[in-house]
Protein chains: 2
Amino acid sequence: MVVPQSGLPERVTIYEVGPRDGLQNEKTLVNTEVKAEFVRRLLAAGLPIVEATSFVHPRWIPQLADAADLMGLLDAAGRDCPVLVPNERGLDRALELGVKKIAIFGSATDTFAKRNLNCTLEEQFAMFEPAVKRAREAELDVRAYVSMCFGDPWEGAVPVQQVVYVGKRLLDMGANQLSLGDTIGVGTPGHVTHLIESFLEAGVDVAQLAMHFHDTYGQALSNTFAALLGGVSTFDASAGGIGGCPFAESATGNLATEDLVWMLHGLGIQTGVDLGQVVATSSWMAEHLGRPSPSALVRALTRTS
Amino acid sequence: MVVPQSGLPERVTIYEVGPRDGLQNEKTLVNTEVKAEFVRRLLAAGLPIVEATSFVHPRWIPQLADAADLMGLLDAAGRDCPVLVPNERGLDRALELGVKKIAIFGSATDTFAKRNLNCTLEEQFAMFEPAVKRAREAELDVRAYVSMCFGDPWEGAVPVQQVVYVGKRLLDMGANQLSLGDTIGVGTPGHVTHLIESFLEAGVDVAQLAMHFHDTYGQALSNTFAALLGGVSTFDASAGGIGGCPFAESATGNLATEDLVWMLHGLGIQTGVDLGQVVATSSWMAEHLGRPSPSALVRALTRTS
């Protein structure tokens, strides 16, 4: 039943991260043609943005070592998909293939910057700057992920003003959009509200903010609802909830696109997404991954079939 | 990190339904002494109300056929726990054992009334009335569950005014509290807000409302957050998320107490509950049930141990 709630956006953009953030955290290596078909099916299901892959060095993420081959298998719509680039070298590879949208992956904490980027919180800006500058000169859209915005496994709670500082630096550098990630899934709705308000107080337009929630502690959708009330209208999600939690079978990591779509459509918010097609795509991908989808909704809708 | 959100209750009462609603929907039969220990551990973890069992005929729910024996194993605090009674005969059995709080289980839809209670929507009131009247004369607290408040597997969407009608009839009969159940888990936050507002417009005090969400479609916590914003301060939950979904292994049914406590404590809302003790209790019960806890939080906190 569709029952709108006052004060929410009329339309939400779902930024699909399954092929990149999802598959890079799955143990099973997926064939390149299957990945291409995954991207095609997600686009056909009405998802407006599908992040296709990452041009990170294969040593770090062997799951996505076939990034260039994958892009070659996609048609024009597929080649318009954003890709993640870790640095200038990744940007060079992406530019050669004619990509039009890139994403960079920053950290809100010093410890995660050191562990994931091998640099300090401050040094990451110098690392990203030339890539962002060149991408913007080439008229590419640049999305900046900010990871560990709510909690960090080593540092614990992350100060909101530190997240705002990192986000502002990345916007000032030229990023068009921030994706604020609760990478370990520990955030709760009041924290979400406070973080969004803090960005607005710092002069950031809410249209530049996307939220990236993980369901590791079951909190992703309540946090999404808080962010909707705060005016955010772009949300990251992963078809079938794949990725994000490589440690435990069937445990949840990334917010599942289907669970998000169910809530949004129930609220009367338009997404352009065909829920049945996403469920079918996730069920198909679950077979390739050899494990059931972690999405509550996919399980509910497919358990009798 | 604790970050309050304005406009929410300072304190929430968690009504623990694991021993009754949880175990009655688990395939595994649990030993009576283990059930008694489950109730004791939940009370020791600070849960203020633990529904202990159901005095329904063993033919319908063999899992709880030992209701009287279970009550005999509990100490004074355990014997203060509410129990479900389906009718006058169940009330008789409960009164003999000295229980002080009962719950009845009504339906918001005609089809579910026929399937679960073997009577029409209207006939259920005549069935419950003598039991509720006698219970109130004996100074017992009476909670009335209203099931299928959001959707029904046979009827689809359930009109909000029909739910208000059923709830009002049960309150007028003498029930102290309504537990409004999303039995199949399909509701979304705008629907929750609208249902609560409709009860208030009908003259019901929000303090008489409890919400009972299922996580089958992943929506339970966002619906909880909407209900908190609507002023509700009593929520049903099941330790470890047991029960509520007997069809698929590891799929989610009842909202897990732990996932609820994490959100409430993150919002700075007091519950009196020791989260670690509930997680430990759910892990212990999961061994007896022979399946992993469906709670996201229990999995996240126990996967490395």
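The values are calculated or read from the model by the stated rules, or taken from the named source; none is laboratory data. Just so it is clear, the structure is predicted and the values come from calculations on it, not from any experiment. Glycine gets a Cβ as well: all are built from the backbone with ideal geometry, and neighbour counts include every protein chain shown.
Restricting attention to the range A:292-304, the residues that are in a helix (DSSP H, G or I) and either touching a helix residue (DSSP H, G or I) at 6+ places or on another chain (Cβ under 9 Å) or more than 9 Å from chain B (Cβ to nearest Cβ) (or both) total 5.
Collect the residues in the range A:73-87 that are at pLDDT below 95 and either part of a helix (DSSP H, G or I) or aliphatic (A, V, I, L, M) (or both), keeping them in residue-number order.
A:ALA76, A:ALA77, A:GLY78, A:ARG79
Which one of these is outside any loop (DSSP other than H, G, I, E, B), under 18 Å from the mean Cα position of the chain (by Cα) and among the basic types (Lys, Arg): B:ARG115, B:ARG136, B:ARG143, B:ARG169?
So the residue among B:ARG115, B:ARG136, B:ARG143, B:ARG169 that is outside any loop (DSSP other than H, G, I, E, B), under 18 Å from the mean Cα position of the chain (by Cα) and among the basic types (Lys, Arg) is B:ARG143.
Given the condition in contact with a Ser or Thr (Cβ under 7 Å, 6 or more places away or on another chain), free of Cβ contacts under 8 Å to residues at least 40 places away in the same chain and part of a helix (DSSP H, G or I), answer yes or no: does some residue in the range A:58-68 qualify? Taking every residue of the range A:58-68 in turn, at least one turns out to be in contact with a Ser or Thr (Cβ under 7 Å, 6 or more places away or on another chain), free of Cβ contacts under 8 Å to residues at least 40 places away in the same chain and part of a helix (DSSP H, G or I). The single condition among (1) farther than 26 Å from A:LYS35 by Cβ; (2) in contact (Cβ under 8 Å) with a residue 40 or more places away in the chain that A:THR120 does not satisfy is (2).
The condition of being touching a strand residue (DSSP E or B) at 6+ places or on another chain (Cβ under 8 Å) and within 14 Å of another protein chain (Cβ to nearest Cβ) holds for only one of B:THR224, B:THR234, B:THR188, that being B:THR224.
Annotation for the range B:261-278: no member residue is within 10 Å of chain A (Cβ to nearest Cβ), modelled with pLDDT under 95, surrounded by fewer than 24 Cβ atoms within 10 Å (Cβ to Cβ) and assigned to a helix (DSSP H, G or I). Looking at the structure I just gave you, is B:GLU16 surrounded by 15 or more Cβ atoms within 10 Å (Cβ to Cβ), at pLDDT 95 or above and either under 19 Å from the mean Cα position of the chain (by Cα) or among the β-branched types (Val, Ile, Thr) (or both)? Judged against the criteria, B:GLU16 is a match. Looking across the range A:152-163, just one residue is crowded, with 20+ Cβ neighbours inside 10 Å and either away from every other protein chain (no Cβ under 14 Å) or modelled with pLDDT under 95 (or both), and that is A:ASP152.
Just checking, does the range A:124-143 include any residue being out of contact with any Lys or Arg (no Cβ under 6 Å at 6 or more places or on another chain), without any contact (Cβ under 8 Å) to a residue 12 or more places away in the chain and among the aliphatic types (A, V, I, L, M)? Yes, the range A:124-143 contains a residue that is out of contact with any Lys or Arg (no Cβ under 6 Å at 6 or more places or on another chain), without any contact (Cβ under 8 Å) to a residue 12 or more places away in the chain and among the aliphatic types (A, V, I, L, M). Of all residues in the range B:279-291, exactly one satisfies the criterion of being within 13 Å of chain A (Cβ to nearest Cβ) and surrounded by fewer than 21 Cβ atoms within 10 Å (Cβ to Cβ), namely B:ARG291.
Contact annotation: no residue pair with Cβ atoms under 6 Å, 6 or more positions apart or on different chains, pairs a residue in the range B:4-27 that is closer than 22 Å to B:LEU74 by Cα and free of Cβ contacts under 8 Å to residues at least 24 places away in the same chain with a partner that is among the aromatic types (Phe, Trp, Tyr) and not in a loop (DSSP other than H, G, I, E, B).
Number of residues in the range A:179-223 that are on the phi > 0 side of the Ramachandran plot and among the hydrophobic types (A, V, I, L, M, F, W, C): the value is 0. Being within 19 Å of A:ALA239 (Cβ to Cβ), more than 18 Å from the chain's Cα centre (by Cα) and at pLDDT below 95 is a property that A:LEU29 has.
Every residue, every condition in (1) buried (at least 18 other Cβ atoms within 10 Å of the Cβ); (2) in a helix (DSSP H, G or I); (3) aliphatic (A, V, I, L, M), yes or no:
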{"position": "B:MET1", "(1), (2), (3)": "no, no, yes"}
{"position": "B:SER6", "(1), (2), (3)": "no, no, no"}
{"position": "B:ASP21", "(1), (2), (3)": "yes, yes, no"}
{"position": "B:LYS35", "(1), (2), (3)": "yes, yes, no"}
